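Have a look at the structure below before the remarks.
What follows is calculated from the coordinates using simple rules that are stated; it is not laboratory data. Computed from a predicted model, the values in this text were never measured in an experiment. Glycine gets a Cβ as well: all are built from the backbone with ideal geometry, and neighbour counts include every protein chain shown.
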Amino acid sequence: MIEENGLHYHKGYRYVGQYKDGLENGLWTITKTDVLVSTMDFKEGFQDGELKIYNEDGETICLVVYTKGEKVDTLADIINVKEITRVLEDLSNNYVDIWKTNNIEDEDENSFKGEGYLLRYKDLEKLSKE
């Protein structure tokens, strides 16, 4: 098991979290100029837990829950589209995009994976074509 710190920047946003065996694991955060923008829980590269997006006052404007990469509908879901669009105007129009997650064509196309999982998948796909 290899654990390492993850830190990267995207369009001026700072992403911080942990990798385990090259995959996102645990709590990841996004900040911009030291203001918390979003948090997301990952487990073995899959979104697993709460995705939250905050406004400048620290109020939750989006709360979505995932289990093993699948979105779980709960009564606690909060999605304020107008406020999300305003807060993330220079990053993305889609809240899922800020975490660079995507569903990919594999055994479960509805699961959402982190960037580490997607990069590993693309590397394996590239190797299989060589």
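Worth a mention:
- Counting neighbouring Cβ atoms within 10 Å and putting the fewest first, the residues Asp73, Asp48 line up as Asp73, Asp48.
- Subtracting the Cα-Cα distance of Glu70 and Arg86 from 0.36 nm times their residue separation leaves 3.2 nm of extension gain.
- Estimated dipole of segment 12-82 in Debye, rounded to 20 [Cβ of Lys and Arg +1, of Asp and Glu -1, Cα centre]: 160 debye
- Loop-located trypsin sites (Lys or Arg not before Pro) across segment 1-86 with a Cβ neighbour count of 12 or fewer within 10 Å are Lys11, with loop assigned by DSSP.
- Computed from label points 7 Å out along Cα-Cβ, the spacing between Asp57 and Thr33 is 1.9 nm.
- Footprinting exposure proxy for Glu44, Glu24 (fewest neighbouring C-beta atoms within 10 Å first): Glu44, Glu24
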